[in-house]
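Inspection log for the structure reproduced underneath, given as structure tokens.
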Amino acid sequence: MRTREIFRLWLPLAVSFELMMLEGPVIQGAIGRLSAPSLNLAAWGLTMSLSLLVESPVIMLLASAIALVKDRQSFFALRKFTLLLSAFCTVLTAAVAFTPLFGYIAVQLMKQPLPIVEAAQPAMQIMLLWTAAIAWRRFYQGVLVSHNRTRVVSWGTAIRLLAAIVAAVFAQKSGRFSGVQVGGIAIMAAVVIEVIATTIFAGPVVEGEVLLKHDPDKPVLTQNAIWKFHAPLAATTLLTLLANPLTATALGRLPEKGHTLAAWPVVGMLLLVIRGWGLALQEITVSQARNPESARATVKFTWIVGIVSSVATVVFVFTPLLSWYMNSVSKVPVDIQEYVRLGMIVGMALPMITALGSWARGLLVAHGRTKEVYTGMGVNLSVHTSLLVISVLCKIPGMVMAPLAMTVAALSEYVFLRVKSTRRGGDHAGAGLPASG
């Protein structure tokens with residue numbers, strides 16, 4: 001498979017990632033147009049940090065579905081696993097959002113100002129079923145990607161973005177909700193609509209290709225086998241998303257925390273939008289790693305994506321584009337704009353590192369070496385946490401250390417994953433996958 005063909009598979013998935021990431025700027029734009037924007041931006045950052053942390057076990061269901069769903073039996077086995085995992089995460093969300101546990105985590109552990117905590121909790125309550133919806137959607141997206149239907153995935157995400165815009169506008173115009181509550185309503189409505197669309201889009205693939213494949217003589221994919229494969233991936237995502245509340249905790253202990261806690265969600269979302277191009281490489285790598293020719297083309301394409309996204313970041317930061325975005329799109333308060341600019345400058349290397357890391361991670365997932373992926377994320381979190389502790393002890397400005405810690409941690413993880421894949425033959429496909437029909 002040539003680089004051009006990799007591009008055709010990657011583009012719809014990258015578009016899907018970008019459309020999903022654009023949801024953040026849409027919500028931040030709605031928040032910026034309502035009263036108390038700095039308070040509500042900080043509250044939205046807290047809401048998403050905790051919501052994403054609870055959601056972490058289901059995010060890698062996409063990669064698990066790509067690797068494991070091969071026939072009728074494996075499809076139903078992973079679907080059952082998805083439902084069980086969704087139920088657990090929903091109960092966990094309720095335990096955090098509807099009890100004093102929210103205040104304990106946010107105030108006692110994260111040292112967030114009380115007004116921010118009080119504004120954030122209702123938004124997380126609105127998002128009670130968010131994780132369950134994400135789980136179902138990621139499962140079906142994995143089935144679509146494994147059958148090269150990446151274009152359909154991007155259509156589902158486009159519908160999601162449109163739903164987020166419509167819901168945000170209506171909630172904002174109603175005048176009944178705070179900015180952070182508007183965010184919760186918009187993101188909840190969007191993901192429910194996307195779940196419906198993705199399930200409908202996946203129907204023909206499931207009925208026409210997946211369910212027709214059945215060989216009773218092949219080993220059965222058990223719940224235990226799925227758990228052994230998926231658990232390291234879920235733990236990896238958990239460790240990844242722990243970086244968000246840890247960063248907020250560090251910022252809450254540094255000077256000018258009111259400004260930095262409001263600016264950091266804007267910086268993090270902007271970098272995430274640009275990094276979306278590289279994040280899409282993981283699933284492409286998983287789906288193509290078993291073909292040596294495709295694997296070589298994927299390496300070349302990874303470098304292209306990394307370089308282009310890095311150049312795009314530099315252009316965005318050092319031209320009037322960033323000022324235009326902050327003033328006209330997201331309505332970022334003037335008093336935090338320089339904090340946003342500084343954070344973007346410090347984090348400019350992240351898109352390149354993200355592309356390389358996604359490729360290295362996808363390569364190991366494709367070969368069933370998910371424990372090494374988990375260990376790599378442990379390296380990431382250890383480096384990230386160490387740098388945050390240093391920043392608090394040395395009183396390093398928050399908008400320098402937050403993106404710098406994220407960048408150095410991501411680079412450390414990539415180096416670890418690359419060394420592991422080189423030393424143990426990461427280019428040999430198929431090793432270590434659990435038995436499935």
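Accessible area of the chain with a 1.4 Å probe: how many percent of it is carbon plus sulfur? Walk me through the numbers before you get to the answer.
Details: 11840 of 17290 Å².
Ligands and nucleic acids excluded, carbon and sulfur give 68 percent.
Within the range 34-67, find all residues whose amide N lies under 18 Å from a label point positioned 7 Å from the Cα of Ala94 along Cα-to-beta-carbon.
What the label zone holds, given the 18 Å backbone N cut-off, is 51, 54-55.
Taking the full set of protein chains and a 1.4 angstrom probe, give the accessible area of Thr319 in square angstrom, rounded to the nearest 10.
The accessible area comes out at roughly 50 Å².
Between the range 59-112 and the range 1-53, what is the C-alpha centre distance in whole Å?
Measuring centre to centre over Cα atoms gives 20 Å.
Among the aspartates and glutamates, which fall within straight-line cross-link reach of Lys420, defined as a Cα-Cα distance under 20 Å, with same-chain neighbours fewer than 8 residues apart omitted?
Glu283, Glu372
To the nearest 10 Å², what's Arg33's accessible area with a 1.4 Å probe?
So the heavy atoms of Arg33 present about 110 Å² to solvent.
What list of ³J(HN,Hα) couplings, whole Hz, do you get for the range 311-320 from phi and the Karplus terms 6.51, -1.76, 1.60, once you set θ to phi - 60° and write x for glycine and proline?
Listing the rounded values in order: 4, 4, 5, 4, 4, 4, 6, 9, 10, x Hz.
Expressed as a whole number of Å, what is the distance separating the alpha-carbon centroids of the range 330-386 and the range 213-283?
Computed from Cα coordinates, the inter-centre distance equals 10 Å.
What figure, in Å² to the nearest 10, do you get for the accessible area of Lys70 with a 1.4 Å probe and non-protein molecules left out?
80
Taking θ = phi - 60°, what integer Hz values does the Karplus form 6.51 cos²θ - 1.76 cosθ + 1.60 yield along the range 78-87, in sequence order, with x for Gly and Pro?
6, 5, 4, 4, 4, 5, 5, 5, 4, 4
Label Asp215 and Lys80 with points 7 Å out from Cα along Cα→Cβ: what is the distance between them in nm?
Computed distance between label sites Asp215 and Lys80 equals 2.2 nm.
Only Cα pairs within less than 10 Å get springs; with that Gaussian network setup on the chain, which residue of Tyr374, Tyr414, Tyr325 has the largest fluctuation?
With Cα springs under 10 Å in the chain, the top fluctuation among Tyr374, Tyr414, Tyr325 is at Tyr325.
With θ set to phi - 60°, apply the Karplus curve 6.51 cos²θ - 1.76 cosθ + 1.60 along the range 106-111 and write out the HN-Hα couplings as whole Hz, x wherever there is a Gly or Pro.
Once rounded to whole Hz, the list reads 6, 8, 6, 8, 8, 6.
Net charge near Gln112: determine it from the other residues with C-beta under 12 Å of the C-beta of Gln112, scoring Lys and Arg +1 and Asp and Glu -1.
On the way: positive: Lys111, Arg253, Lys257; negative: Glu118.
Net charge around Gln112: +2.
Starting from the Cα of Lys80, draw a straight line to each of the lysines and keep only those under 28 Å, dropping any in the same chain fewer than 8 residues away.
Output for Lys80: Lys70, Lys213, Lys218, Lys228, Lys371.
The values are calculated or read from the model by the stated rules, or taken from the named source; none is laboratory data. Here the structure is a predicted model, which means the values were calculated and not measured. Glycine also receives a Cβ, built like all others from the backbone with ideal geometry; neighbour counts cover every protein chain displayed. In case anyone asks, the SASA skips ligands and DNA or RNA and just uses the protein heavy atoms, side chains included. Shrake-Rupley method; radii C 1.70, N 1.55, O 1.52, S 1.80 Å.
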